[in-house]
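Input: a single structure, listed below in structure tokens.
We did not get these values from a lab; they are worked out from the coordinates using the rules stated. This one's a predicted model, so the numbers in the text were calculated from it and none came from an experiment. Glycine gets a Cβ as well: all are built from the backbone with ideal geometry, and neighbour counts include every protein chain shown.
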């Protein structure tokens with residue numbers, strides 16, 4: 001595969017379970033589960049053998065109901081949680097030759113700080129609410145080894161302007177901001193080190209519709225301008241339709257369908273996807 005066509009991220013058989021598993025559920029082929037839960041031992045299989053590629057400059061949507069495993073997938077990719085098993089390769093890390101889940105904590109921190117940005121559904125997880133907004137951006141840059149205060153201030157100002165936060169408010173703490181503004185500060189922070197990959201987890205949930213539209217427009221605009229690759233998780237097919245080039249549908253910890261977003265919306269194959277699409281019409 002040539003450099004141009006190699007995916008920027010490849011995920012292979014990613015699995016995450018909560019609980020030890022037992023004879024009823026340990027074998028993936030013959031698992032007896034209720035949704036993704038084993039009644040015999042109480043183990044929850046949040047992600048079951050998830051595989052996908054993310055290409056350069058692409059927005060890949062992940063859609064599914066609450067509890068389908070999509071946020072767990074994001075937490076595993078950003079090392080907020082350890083995977084149970086599986087592999088992931090990044091083109092910009094050791095030329096895609098090393099499984100990032102098997103790397104040392106120090107290398108994982110490097111990947112997280114240089115190659116990825118994440119915007120959490122709950123801004124409290126992604127921001128220090130009592131720090132200044134520009135301080136939040138500087139924190140991510142310091143974590144990536146930056147020590148030049150003037151450069152960090154310039155970069156922070158540039159990013160806040162880009163996400164439409166007025167500069168006279170850059171010293172204000174996010175706790176003083178509305179939900180939409182907090183998400184925009186998170187986006188600025190996530191972009192601070194020019195990561196090739198952005199992970200967006202339900203970023204518009206809980207925002208007013210007009211604010212949602214502004215945040216989605218901003219994401220679309222930044223993605224085009226920076227040619228960044230985005231993994232976008234949402235339970236809202238409307239958000240996915242607006243942004244995603246390709247879509248992956250999750251149910252009970254498994255990918256039940258994936259393909260071009262238009263194709264999935266026009267001709268859904270799986271019963272659950274059909275139900276989702278009909279609810280959108």
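For the reader, a short list of remarks on this structure follows.
- Bridge orientation summary for the chain: considering DSSP beta bridges with both residues in this region, about 55 percent are antiparallel.
- Point-to-point label distance, residue 262-residue 178, nm (Cα→Cβ direction, 7 Å offset): 3.5 nm
- When only Cα pairs below 8 angstrom with a gap of at least 6 residues are kept, the chain shows a relative contact order of 24 percent.
- Rounded tilt (10° steps) of 179-190 against the dominant C-alpha axis of the chain: 90 degrees
- Each part gets one Cα centre, and for the range 12-34 versus the range 50-72 those centres are 20 Å apart.
- Debye intensity ratio in log₁₀ form over the Cα atoms of the range 156-215, taken at each q of 0.16 Å⁻¹: -0.50
- Fewest-first ranking of 249, 256, using other Cβ atoms within 10 Å as the exposure measure: 256, 249
- Added length on full extension, which subtracts the Cα-Cα distance from 0.36 nm per residue, residue 221 to residue 106: 38.1 nm
- Reference-scaled alpha-carbon Rg (2.2 N^0.38 Å with N residues) for the range 123-194: 0.96
- Angle between the chain longest axis and helix 271-280 axis [Cα atoms, degrees, rounded to 10]: 40 degrees
- In the chain, the calculated helix contribution to ellipticity at 222 nm averages -10500 deg cm²/dmol per residue, counting -39,500 (n - 2.57) for every DSSP H run with n ≥ 4.
- Spacing of the two label points (7 Å from each Cα toward its C-beta) at residue 40 and residue 245, in nm: 4.4 nm
- Between residue 22 and residue 274, the modelled label-to-label distance comes to 3.5 nm, taking each label 7 Å out from Cα in the direction of the beta carbon.
- Rg of the Cα atoms in the chain, relative to 2.2 N^0.38 Å, amounts to 1.02.
- Calculated FRET value between residue 94 and residue 209, using beta carbons and R₀ = 41 Å, to 0.05: 0.40
- The range 123-194, relative contact order in percent, only Cα pairs under 8 angstrom and at least six apart counted: 47 percent
- On Cα atoms only, tilt of 209-226 relative to the major axis of the chain in degrees: 80 degrees
- Alpha-carbon centroids, the range 228-256 and the range 96-158: separation in whole Å: 24 Å
- The range 1-159: translational diffusion in µm²/s, Stokes-Einstein, Kirkwood Rh over Cα pairs, 25 °C, 0.890 mPa s: 136 µm²/s
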